[in-house]
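What follows is one structure encoded as structure tokens, with my remarks underneath.
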2 protein chains.
Amino acid sequence: MSSQHDHDARERDVSGDVGSTDAERSAREWWAGIVEPGDSTAHALVSTLGASRALDLVSAGATAAEIAEALLATTGAGAGEITNLVDLISTGLQRWEGRTGSAHNDSARRAADRCGARFLIPGDAEWPASIDDLGEHAPLGLWVRGQLDVLPDPSVAIVGSRNSTGYGEHVTVEIASGLAARGIGIVSGAAYGIDGHAHRAALASRGATVALLAGGVDRPYPRGHSELIERIAADGAVVSEVPCGATPTKWRFLQRNRLISALASATVVVEAGWRSGSLNTAAHAATLGRPLAAVPGPVTSPTSAGCHRLLREHDAICVTTADEVAELAGVGGDAELLQPLRSATETRVLDAMSSRRPRTIDDIAARSGLDHDSVRACLGELDVLGDARHTPNGWIMS
Amino acid sequence: MSSQHDHDARERDVSGDVGSTDAERSAREWWAGIVEPGDSTAHALVSTLGASRALDLVSAGATAAEIAEALLATTGAGAGEITNLVDLISTGLQRWEGRTGSAHNDSARRAADRCGARFLIPGDAEWPASIDDLGEHAPLGLWVRGQLDVLPDPSVAIVGSRNSTGYGEHVTVEIASGLAARGIGIVSGAAYGIDGHAHRAALASRGATVALLAGGVDRPYPRGHSELIERIAADGAVVSEVPCGATPTKWRFLQRNRLISALASATVVVEAGWRSGSLNTAAHAATLGRPLAAVPGPVTSPTSAGCHRLLREHDAICVTTADEVAELAGVGGDAELLQPLRSATETRVLDAMSSRRPRTIDDIAARSGLDHDSVRACLGELDVLGDARHTPNGWIMS
């Protein structure tokens, strides 16, 4: 799923137009360390000017107008847009101001070193190309513990309620282990409930799994999943777009959800309440145009209400087995071939026959309301199929 | 749902072009008594020539070619079609032959009198106009015990597995009684399981309910539902297109299903196995362009597999409550208005606030990664909503 955006980013890295790779990497890390996820102004500056030049301008105290002019000079866009652009950058500068002065980045760097987290940027071999489909909402970089490139293509996001039921957990394990057995990766959010069961089933089946966190990768959240998150980091990868030390806030959870849906080829919601956070992940999948599926459950179960809402209002695909989910991710399942149904004539002829008493063609014709010739032809077919046979006294079902 | 077809039929009855109403009624009864459901050749003869003239021709031993010429003379169609038409009529004559000679119709008439069944034809005040949407597959007439015009518009078909579970029965009763309470009629097939629960719930809620049978209305089927079928005939109507005395064959069940879906404004499948007969009713509803819905259930329940198949493969609408079903039938439910979600800024500002410790706007701006002005504006809104308040030492969540 390599996008044009990704292609352009690689081009610039190779040509060196936007600075050397090392300077670029550390400048991106600086930017990723001070902005909140989804800061499209920062994204525009970094992707247009390069992280390094954008950082130089901001550090040197350039005004919003000066930065806007630098942007327009690079993109070659007309001056007509400049007023709006200056406003956006001016607000951006105010947002970043509260953080640029702090020792924020140094302490995040030290925390990353302590937990063995690496900072990936677009163009890195390990960078997941599917993330670039987020366009201007793509992260500036990703902090990773473990190996992100263990995740195969395709992968599926399995998400759902923290307050899962035995039913939802059972179905999660069935689907996740079935997908893992087919070589499909499992992406989730390491939360209690459905997420945790999806990761555990993938690990148990020796499948690849990746957890996206809302806080820093050095801060396992929820705390009760610290051990699970360690195992995911050891066997797969634990990933975040916010720096080490960052706390998981509601905003960061919502933004983290976009990374889950972007990293996976398809998203499945197994159990979700009417207002579950996993519906947000589902919305991101739909926005990205990636297949979105929901597992149905009893209508009497509040933890399936969100799934039914997705089926009803958001055109989610109804899935009930690992096979059906694999199909969404483009992996052919063992689709059952439907038995051909009986033709109308066959049904009527068989209705008119007995398995004990032989009947003549005329008798069968009268009973079925069909004409003689159709009955004779049909009996020939049923004979071949082994459903009828001829006796000296007439035809009988077999 | 009055169709052009219905309109034409009334026109002809009134004008007397196709014979007097009494002769037409008894000829239609004769035709309906000898053909199998869905005989489109008989339908063409009866609707074009009138039942009475078609009967006269067949009784007089007219050849297929003579009948075809009479048809073409009436429709004014060109002679180019005649070969095919002669073949169709010739096969029809053979089909009907086995039955025209019998005492079939007389005994059916006597059985109808004994059980109080009346024979309705298109144009009768009690004739359900929605049935005419079946076009050339419409029944020639309907035998009715009870009053068919008690059925309100809209009505909903509730169908499903004979081997229902406690879950399916519970949901059926909830939906059927909810619809009855809203004045919506319940149409079903009087079978064990879902059908029976739908009828019973409608009766218990003093709602209108109609049962369509695959055999004659004098032969309650299944026998274990004889008493239920009597109650439906007493309070609503029991209806069939095959004459009294006719046994319910597989073919007649399949054809009966088209009447269920045509009589109702929408069809809901509550529980159904992977190859359930109710999927046939669902297919008829889809063919007619009527709303088709399915109730989801546990993916671990084989009796919900057919419902999930409808959701997955046949674009059925997922319904979980009587309200949602009423909406399908065009009756506005008490649709819950979704609470507006918090804006991104509100989420981020609240993330950065404490409910115990007052914080300055600058502090909140730095913590949230937002600019000073956005935070100030947002705090104003949160203050109005009662979610934040100003103290001498700064802002706190409330």
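Within region B:306-326, the set of residues being facing another protein chain (nearest Cβ under 10 Å) and surrounded by 18 or more Cβ atoms within 10 Å (Cβ to Cβ) comprises B:307, B:308, B:309, B:310, B:311, B:312, B:316, B:317, B:318, B:319, B:320, B:324.
Among the conditions (1) crowded, with 21+ Cβ neighbours inside 10 Å; (2) within 20 Å of residue A:281 (Cβ to Cβ); (3) outside the structural domain of residue A:253 (by TED's automatic domain parsing), the only one that residue A:187 does not satisfy is (3).
Those helices (runs of 4 or more DSSP H) of region B:271-351 in which at least 3 residues are polar (S, T, N, Q) and either at pLDDT 95 or above or within 18 Å of the chain's Cα centre (by Cα) (or both), considering only elements entirely within it, cover B:278-287.
Residues in region A:359-396 that are surrounded by fewer than 16 Cβ atoms within 10 Å (Cβ to Cβ) and not in a helix (DSSP H, G or I): A:360, A:386, A:389, A:390, A:391, A:392, A:393.
Scanning region B:90-98 for residues that are assigned to a helix (DSSP H, G or I), at pLDDT below 90 and among the acidic types (Asp, Glu) turns up at least one hit. Among all positions in region A:128-136, there is at least one residue which is on the phi > 0 side of the Ramachandran plot and touching a residue at least 60 places away in the same chain (Cβ under 8 Å). Filtered by the rule that a residue be within 14 Å of chain B (Cβ to nearest Cβ), outside any loop (DSSP other than H, G, I, E, B) and touching an Asp or Glu at 6+ places or on another chain (Cβ under 7 Å), region A:26-72 gives A:32, A:40, A:43. Any residue at all in region B:223-236 that is buried (at least 24 other Cβ atoms within 10 Å of the Cβ) and small (Gly, Ala, Ser)? Yes, region B:223-236 contains at least one residue that is buried (at least 24 other Cβ atoms within 10 Å of the Cβ) and small (Gly, Ala, Ser). Among the residues of region B:237-255, those that are more than 10 Å from chain A (Cβ to nearest Cβ) and either surrounded by fewer than 24 Cβ atoms within 10 Å (Cβ to Cβ) or among the polar types (S, T, N, Q) (or both) comprise B:240, B:245. Here residue A:245 qualifies as in a loop (DSSP other than H, G, I, E, B), in contact (Cβ under 8 Å) with a residue 60 or more places away in the chain and touching an Asp or Glu at 6+ places or on another chain (Cβ under 9 Å).
Say whether the condition of being within 13 Å of chain B (Cβ to nearest Cβ), surrounded by fewer than 24 Cβ atoms within 10 Å (Cβ to Cβ), assigned to a helix (DSSP H, G or I) and within 12 Å of the chain's Cα centre (by Cα) is met by at least one residue in region A:257-265.
No, region A:257-265 contains no residue that is within 13 Å of chain B (Cβ to nearest Cβ), surrounded by fewer than 24 Cβ atoms within 10 Å (Cβ to Cβ), assigned to a helix (DSSP H, G or I) and within 12 Å of the chain's Cα centre (by Cα).
Please enumerate the residues belonging to region A:283-302 that are within 14 Å of chain B (Cβ to nearest Cβ) and over 18 Å from residue B:308 (Cα atoms). Selection gives A:283, A:284, A:302. A single entry from B:218, B:153 fulfils the requirement of being surrounded by fewer than 19 Cβ atoms within 10 Å (Cβ to Cβ) and either touching a Gly at 6+ places or on another chain (Cβ under 9 Å) or in the same structural domain as residue B:26 (by TED's automatic domain parsing) (or both): B:153.
Can you say whether residue A:156 is more than 29 Å from residue A:34 (Cα to Cα) and of a type in the set (Val, Ile, Thr), as far as the supplied structure shows? The answer is yes for residue A:156.
When A:110, A:28, A:99, A:114 are checked against the criterion of being closer than 29 Å to residue A:154 by Cα and either among the basic types (Lys, Arg) or surrounded by 18 or more Cβ atoms within 10 Å (Cβ to Cβ) (or both), a single residue qualifies: A:28. Within region A:269-282, the set of residues being within 14 Å of chain B (Cβ to nearest Cβ) and of a type in the set (Ser, Thr, Tyr) comprises A:276 only.
When residues in region B:354-398 are screened for being within 12 Å of chain A (Cβ to nearest Cβ) and within 24 Å of residue A:42 (Cα to Cα), 17 of them pass.
Yes/no per residue for (1) within 14 Å of chain B (Cβ to nearest Cβ); (2) within 15 Å of the chain's Cα centre (by Cα):
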residue	(1), (2)
A:178	yes, no
A:195	no, yes
A:201	no, no
A:213	no, yes
A:223	no, no
A:267	no, yes
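Regarding region B:265-284, can at least one residue be identified that is within 15 Å of residue B:194 (Cβ to Cβ) and in contact with a His (Cβ under 6 Å, 6 or more places away or on another chain)? No, region B:265-284 contains no residue that is within 15 Å of residue B:194 (Cβ to Cβ) and in contact with a His (Cβ under 6 Å, 6 or more places away or on another chain). For residue A:318, the stated conditions do not hold, so it cannot be described as touching a strand residue (DSSP E or B) at 6+ places or on another chain (Cβ under 6 Å) and assigned by TED's automatic domain parsing to the domain that holds residue A:156.
The values are calculated or read from the model by the stated rules, or taken from the named source; none is laboratory data. Note that the coordinates shown come from a computational prediction; the quantities given were computed from them, not determined experimentally. Neighbour counts are summed over all protein chains in view; Cβ atoms, including those assigned to glycine, are modelled from backbone coordinates with ideal geometry.
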